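These notes are about the structure you will find just below.
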Amino acid sequence: MQRAARAVFCDFSGVVNPLVTHQSFKSRALLQHSCRAYSVVPPPQNEEEKELLHRMLRVDHAGEYGANRIYAGQMAVLSRSRTGPLIQQMWDQEKKHLARFNEILAENRVRPTALLPFWNIAGFVLGASTALLGKEGAMACTVAVEESISEHYNSQIRALMEIDPERYTELLQVIKEFRDDEMDHHDTGLEHDAESVPGYWLLKNVIQLGCKAAIYVSQRV
Ligand SMILES: [Fe+2]
Ligand SMILES: [Fe+2]
C-alpha cells in the first residue's frame, strides 16, 4: 500500500475520510474546494446571516413537510387508482427532501416552524380534498403547489448567489436539485390532465395564495 497516496481528504459530507485517495478525490472534481468543516450550510458570519439562513431552512423544511402531507392526503384517496403509483413516486421524492432538511435543521440547530401540527392537518386536507375531485383535481393541486415551491426555491437560489455563491456551493446544490424535482412534479401534473379539472384556474390561484401565506408565516413563526 502506498502510504503517501493515502493522504487525508474530505468526502462529500465534509468529514475527514482517510480512505478517499488523492486520485479518487480529484476525479470527483471537488479539489477546487478546500476541506469544509460542515456538510451543507457554512457557519454564519454574523447574526444577520444566521437569521437569514435559519429563516430559509425553516421555511424549506416546512414546505417539504407540507408537500409530504399533501401527497399523503392524495394517496389516502387515490392509492388504489391507476394514478396511485405515479403519486407514490412523487411522494417518495418528497420523503427524501424532507429527510434531508430534517438532517440540515438538526446539524445547524435550526428550530422547525411551530406550525408543523397545523401543516400536518392542512396539507393532508388539501391533498385529500383535491383528490376527491378525481385524478385531475389531485394533479391541479400538484401543479399549483409545485409551481409555488419551485418559485420559492428559485428566489432562494438568487439570494444565495447574490450573497456568496462560493461559500454556499453545497446549499445551492441541494436547493437546485430539489427545485428540479419540484419542476418535474409540476410537469407531471400538467401531463396528467391537471388543467382539465373544472375551475382549474380558480383552484390553482386559491392554492397558490395559501402557499404564499404558508411561506410567509413559516419563515417567521
Ligand atoms: Fe420537495
Ligand atoms: Fe415536489
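The values are calculated or read from the model by the stated rules, or taken from the named source; none is laboratory data. Because the structure is a prediction, the values reported are computed rather than measured. Methodologically, a virtual Cβ is constructed for each residue, glycine included, from the backbone with ideal geometry; neighbour enumeration extends over all protein chains shown.
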Subset of the stretch 169-183 [within 14 Å of V41 (Cα to Cα) and either of a type outside the set (S, T, Y) or within 14 Å of ligand 2 (Cβ to nearest atom) (or both)] = E170, L171, L172, Q173, V174, I175
message = Condition check: of a type outside the set (K, R), within 30 Å of E47 (Cα to Cα), free of Cβ contacts under 8 Å to residues at least 12 places away in the same chain and touching a helix residue (DSSP H, G or I) at 6+ places or on another chain (Cβ under 8 Å). Does P112 satisfy that?
response = no
query = Among the helices (runs of 4 or more DSSP H) contained in the stretch 45-152, which hold 3 or more residues that are more than 24 Å from E177 (Cα to Cα)?
reply = 47-78, 116-131
Only one of D181, D187 that is within 16 Å of ligand 1 (Cβ to nearest atom), within 12 Å of Y153 (Cβ to Cβ) and not hydroxyl-bearing (S, T, Y) = D181
inquiry  = For the stretch 133-155, which positions are touching a Leu at 6+ places or on another chain (Cβ under 9 Å) and either surrounded by fewer than 22 Cβ atoms within 10 Å (Cβ to Cβ) or charged (D, E, K, R) (or both)?
reply    = L133, G134, K135
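Within the stretch 198-219, is there a residue that is among the charged types (D, E, K, R) and either under 13 Å from the mean Cα position of the chain (by Cα) or within 14 Å of ligand 2 (Cβ to nearest atom) (or both)?
Step one: list which residues in the stretch 198-219 are among the charged types (D, E, K, R), which gives 204, 212.
Among the residues that remain, those that are also either under 13 Å from the mean Cα position of the chain (by Cα) or within 14 Å of ligand 2 (Cβ to nearest atom) (or both) are: none.
Within the stretch 198-219, none of the residues are among the charged types (D, E, K, R) and either under 13 Å from the mean Cα position of the chain (by Cα) or within 14 Å of ligand 2 (Cβ to nearest atom) (or both).
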task = Give the stretch 43-60 a look and list any residue that's surrounded by 14 or more Cβ atoms within 10 Å (Cβ to Cβ) and more than 14 Å from ligand 2 (Cβ to nearest atom), or say none.
result = P44, E49, K50, L52, L53, H54, R55, M56, L57, R58, V59
query = Do we find a residue being over 15 Å from the mean Cα position of the chain (by Cα) and modelled with pLDDT of 95 or more anywhere in the stretch 89-104?
reply = yes
